[in-house]
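Peer 1: Here it is: the structure, laid out below.
The values are calculated or read from the model by the stated rules, or taken from the named source; none is laboratory data. Everything numeric in this text was worked out from a predicted model, so none of it was measured. Neighbour counts run over all protein chains shown; Cβ positions are idealised from the backbone, glycine included.
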Amino acid sequence: MGKLRLAVLLSGAGTTLQNLIDRSRAGDPYDIAVVIGSKPDAYGLERAKQAGLPAVCVARKNSLNTDAYNDALWAEIRKHDVTHIVLAGFLHMLRVPEDFQHKIVNIHPALLPSFGGKGMYGLHVHEAVLEYGAKVTGCTVHFVDEKYDTGPIILQKCVEVREDDTPETLQARVQETEREALPEALRLIAEGRVTIEGRNVRIR
Ligand code: GAR
């Protein structure tokens, strides 16, 4: 398929973005065309600027409903001629237009369908895993559909939960697997090895 041209959407620190910047510069088959943040103070926007990438804030103001916010997001995304979109800690619903079906990828810090859905982001996810007493967690890379965290799963990686874990220590180990899983999924897509049958993703 050749190199992907990505828009990366984020709301926070941007360590996921930083990993993609580093990997793409080390030869991974994707370029980052634009970084879009949902808050002006999202540190990920600063990382983008430091890397010399276009960084745009499309703020989710309370006055904007989901449709209006999506219109604003898509108006920005479409300026950059991207082939795929990565949600890298982006905390809002991104609607999927027909031409971006199976072209938007999300990384979630748990093994979906457990510990997903609205409000399940960042440390909250790891708090919920520990509170529930799960013995295994991990990360999931999946295509985005019309709901939170329900789209076809591209790949997952497991992490053992330890008895002395805190949300922070668990998050750190899950994020190590995220750093491998997301680039791996993007490489598979760029290599044209990913096909989708119903909600089953096949890797050739
Ligand atoms: C990542 O761990 C990502 O998996 C998670 O937010 C973090 C963003 O960190 N995403 C979600 O929880 C989505 N529901 P970052 O801003 O440092 O990249």
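Peer 1: Mind checking which residues of the range 121-137 are buried (at least 18 other Cβ atoms within 10 Å of the Cβ) and within 24 Å of Ile77 (Cβ to Cβ)?
Peer 2: Matches in the range 121-137: Tyr121 only.
Peer 1: Does Val141 count as of a type in the set (A, V, I, L, M, F, W, C), touching a residue at least 60 places away in the same chain (Cβ under 8 Å), near the ligand (Cβ under 10 Å from one of its atoms) and on the phi < 0 side of the Ramachandran plot?
Peer 2: Considered against the rule, which asks whether it is of a type in the set (A, V, I, L, M, F, W, C), touching a residue at least 60 places away in the same chain (Cβ under 8 Å), near the ligand (Cβ under 10 Å from one of its atoms) and on the phi < 0 side of the Ramachandran plot, Val141 comes out as no.
Peer 1: If you go through the range 162-190, how many residues are more than 23 Å from Val201 (Cβ to Cβ) and among the basic types (Lys, Arg)?
Peer 2: Residues that pass the stated criteria total 2.
Peer 1: Quick one: which of Gly89, Gly52 is part of a loop (DSSP other than H, G, I, E, B) and either at pLDDT below 95 or away from the ligand (no atom under 11 Å from the Cβ) (or both)?
Peer 2: Testing whether each residue is part of a loop (DSSP other than H, G, I, E, B) and either at pLDDT below 95 or away from the ligand (no atom under 11 Å from the Cβ) (or both) leaves just Gly52.
Peer 1: Output the number of residues of the range 59-86 satisfying the condition of being part of a loop (DSSP other than H, G, I, E, B), away from the ligand (no atom under 16 Å from the Cβ) and on the phi < 0 side of the Ramachandran plot.
Peer 2: Summing the residues that are part of a loop (DSSP other than H, G, I, E, B), away from the ligand (no atom under 16 Å from the Cβ) and on the phi < 0 side of the Ramachandran plot in the range 59-86 gives 8.
Peer 1: Give just the number: which of (1) in a loop (DSSP other than H, G, I, E, B); (2) buried (at least 21 other Cβ atoms within 10 Å of the Cβ) does Thr140 not satisfy?
Peer 2: (1)
Peer 1: Of the residues Gly44, Gly27, Gly14, which is under 25 Å from Gly192 (Cβ atoms) and modelled with pLDDT of 95 or more?
Peer 2: Every option except Gly27 fails the conditions.
Peer 1: Looking only at residues that are within 13 Å of the ligand (Cβ to nearest atom) and polar (S, T, N, Q) in the range 14-29, which one is surrounded by the most Cβ atoms within 10 Å (Cβ to Cβ)?
Peer 2: If we take residues in the range 14-29 being within 13 Å of the ligand (Cβ to nearest atom) and polar (S, T, N, Q), then Thr16 is surrounded by the most Cβ atoms within 10 Å (Cβ to Cβ).
Peer 1: Thr150 - would you say it is among the hydroxyl-bearing types (Ser, Thr, Tyr), assigned to a loop (DSSP other than H, G, I, E, B) and either more than 10 Å from the ligand (Cβ to nearest atom) or farther than 16 Å from Leu87 by Cβ (or both)?
Peer 2: Taking the combined requirement at face value, the residue satisfies it.
Peer 1: The conditions are (1) buried (at least 19 other Cβ atoms within 10 Å of the Cβ); (2) closer than 23 Å to Val174 by Cα, and Ile32 fails exactly one of them. Which is it?
Peer 2: Result: Ile32 fails condition (2) only.
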